[in-house]
Ligand code: GDG
């Protein structure tokens with residue numbers, strides 16, 4: 001029986017060694033949830049890096065890791081510290097990540113990083129080939145593995161290969177600046193189906209394929225020698241039921257059993273009944289527009305001083321890629337901005353920005369979503385942005401307002417949000433005021449429309465639409481071969 005193999009940089013597990021004892025936890029991230037049914041299906045497997053480098057696994061314990069992973073239908077690609085530094089932090093996160101998010105000045109094109117990227121993609125290919133049966137379906141995820149489709153195609157033309165990119169695909173003008181643009185494009189073209197979050201990313205990819213490789217395109221189908229490759233958009237959704245259910249559960253719990261932060265918010269709300277909460281949540285990443293958001297919030301308080309003492313920006317910034325220098329710089333800039341604004345504007349009773357630099361347990365995250373009157377999500381560039389959809393899912397009374405950057409892929413679906421250009425502080429400030437003053441009926445009519453869409457196109461639907469489309473490309477190939 002054919003199976004589906006999922007491939008991503010990281011396996012959906014968290015491993016740690018306590019001396020020589022291995023602890024294994026399944027991760028419940030968006031991708032793991034979306035892949036649940038694909039992974040559970042038949043003898044489906046997931047291939048990726050375990051999260052522990054070869055050096056971190058105690059001598060003689062590698063088989064223990066392998067066995068534990070096998071129990072979870074996972075197979076690991078062994079990566080060394082060198083691989084991690086050069087393939088992951090290097091080429092993936094210092095070249096591809098900034099380039100694909102239009103941060104061209106941040107890109108570092110280093111030959112050693114590129115060599116390591118190729119080498120690690122080959123390591124992945126070897127392990128996939130060793131585990132793939134005749135005619136299996138392969139679903140590869142994200143920018144760390146752009147070369148993998150072609151590496152598999154060369155050795156195993158019998159496989160049906162799908163690839164999904166979780167970040168934007170940039171315009172040809174950006175992509176062409178990469179010294180290894182031909183190899184990257186060829187790598188992707190090894191797939192039968194290329195999936196993106198939005199139609200614009202598909203358009204950029206197709207334009208790149210025609211201009212760099214001179215390929216012929218009809219609608220969204222690219223002719224490549226004997227093969228036809230389909231590029232299409234599949235906007236990723238969330239596990240709506242999980243977030244909505246958790247929010248309902250939250251409201252049933254007595255206040256004193258809620259998180260510490262929530263208890264503080266509640267007691268603050270009791271003391272200052274007209275105080276409103278604006279929420280932002282993201283990884284500490286320069287694409288997320290954190291400094292701009294803080295400056296826009298400061299501008300809002302200057303422009304509408306009647307809101308001083310009445311609103312707070314609760315900003316959860318989750319540590320990310322802390323050993324990459326651009327991320328360290330961003331952290332310093334954020335610390336300074338928050339410090340400066342709080343120092344300048346705070347009173348004994350009021351702190352304008354509540355800033356948390358840490359990750360929080362799921363329940364605390366739900367507490368934050370539920371407690372907020374407005375979500376302010378203003379990335380400079382974002383493939384999709386799932387936080388926006390999670391906020392929508394937790395509004396059990398369909399109140400609250402989402403202020404969302406038009407540069408997030410999610411903006412293409414979430415028309416009823418207040419869409420803003422994150423660089424236009426005037427517009428962000430006016431939208432915040434509009435959001436805070438929006439009548440309940442308007443909040444609800446916007447939110448209900450958003451909830452309908454986000455609940456319908458959930459993560460399960462996303463993965464099944466992709467697999468269905470991939471299956472169709474396989475059927476076309478089989479028919480053509482039969483003719
Ligand atoms: C990439 C693309 C695309 C955040 N803080 C905590 C926490 N989170 C969870 C959120 C959400 C997820 O992390 C973040 O997802 P995003 O989509 O917002 O952003 P990226 O991490 O940049 O993801 C993005 C995505 O891939 C999927 O294709 O949408 O554009 O950049 O689920 O809830 N979870 C917990 N504690 C936290 O402190 N438990």
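Taken together, the values in this text are just the output of simple stated rules run on the coordinates, not laboratory data. Here the structure is a predicted model, which is why all the values come from computation and not from measurement. Cβ placement follows ideal geometry from the backbone for every residue including glycine, while neighbour counts extend to all protein chains displayed.
Debye sum, Cα scatterers, the chain, no solvent: what log₁₀ I/I(0) at q = 0.06, 0.07, 0.12 1/Å?
With no solvent term, the Cα-only Debye profile gives -0.29, -0.39, -1.14.
Quick one: of the DSSP bridges fully inside the chain, what percent are antiparallel, nearest 5?
Details: 14 of 60 bridges.
Approximately 25 percent, going by the DSSP bridge assignments.
What whole number of Å gives the distance from the Cα centroid of segment 160-224 to the Cα centroid of segment 60-92?
28 Å
Modelled label-to-label distance, residue 333 and residue 264, 7 Å Cα→beta-carbon offset: nm?
Simple spin-label model gives 2.6 nm for this pair.
To the nearest 0.05, what FRET efficiency results for residue 434 and residue 115 with a Förster distance of 45 Å applied to their C-beta separation?
0.30
Taking all pairs of distinct Cα atoms, average 1/r, flip it, and tell me the Kirkwood hydrodynamic radius of segment 322-393 in Å to one decimal place.
The answer is 14.8 Å.
Quick one: angle between helix 325-345 and the longest Cα principal axis of the chain, in degrees between 0 and 90, rounded to 10, please.
Helix 325-345 sits at roughly 10 degrees to that axis.
Find the Rg to Rh ratio for segment 202-265, where Rh is the Kirkwood radius over alpha-carbon pairs and Rg uses the same atoms.
1.49
Enumerate the residues in segment 135-179 having an amide nitrogen under 19 Å from the point lying 7 Å beyond the Cα of residue 421 toward its Cβ.
171
Could I have the simple spin-label model distance between residue 445 and residue 19, label points 7 Å from Cα toward Cβ, reported in nm to one decimal?
Between residue 445 and residue 19, the simple spin-label model gives 6.6 nm.
Classify segment 85-130: rounded, prolate or oblate, from the alpha-carbon gyration tensor (a ≥ b ≥ c, eigenvalue square roots; a/c under 1.5 rounded; otherwise prolate if a/b is larger than b/c)?
Cα axes put segment 85-130 in the prolate bin.
Consider just the alpha-carbon atoms of segment 357-476 and return their Rg together with their Dmax, both in angstrom.
Cα-based Rg and Dmax for segment 357-476 come out at 16.1, 54 Å.
Percentage of Cα-Cα pair distances in segment 278-325 greater than 14 Å, rounded to whole percent?
56 percent
Using only Cα atoms, tell me the angle between helix 425-437 and the longest principal axis of the chain; keep it within 0 to 90° and round to the nearest 10.
Computed tilt is about 60 degrees.
Give the shape of segment 276-419 as rounded, prolate or oblate, defined through the alpha-carbon gyration tensor: a ≥ b ≥ c are the square roots of its eigenvalues, a/c under 1.5 means rounded, and otherwise the shape is prolate if a/b is larger than b/c and oblate if not.
rounded
Determine, from the Cβ-Cβ distance of residue 59 and residue 85 and an R0 of 30 Å, the FRET efficiency 1/(1 + (r/R0)^6), rounded to the nearest 0.05. Mind dumping the intermediate values first?
Details: r = 22 Å, r/R0 = 0.72.
Step by step, r from the Cβ atoms, then E = 0.85.
Based on the mean of other beta carbon atoms within 10 Å per residue, what is the order of 76-88, 298-310, 60-72, most packed first? Present the calculation step by step, with values, prior to reporting the outcome.
Details: 76-88: 18.9, 298-310: 15.5, 60-72: 13.8.
Ranked from most to least packed, the peptides come out as 76-88, 298-310, 60-72.
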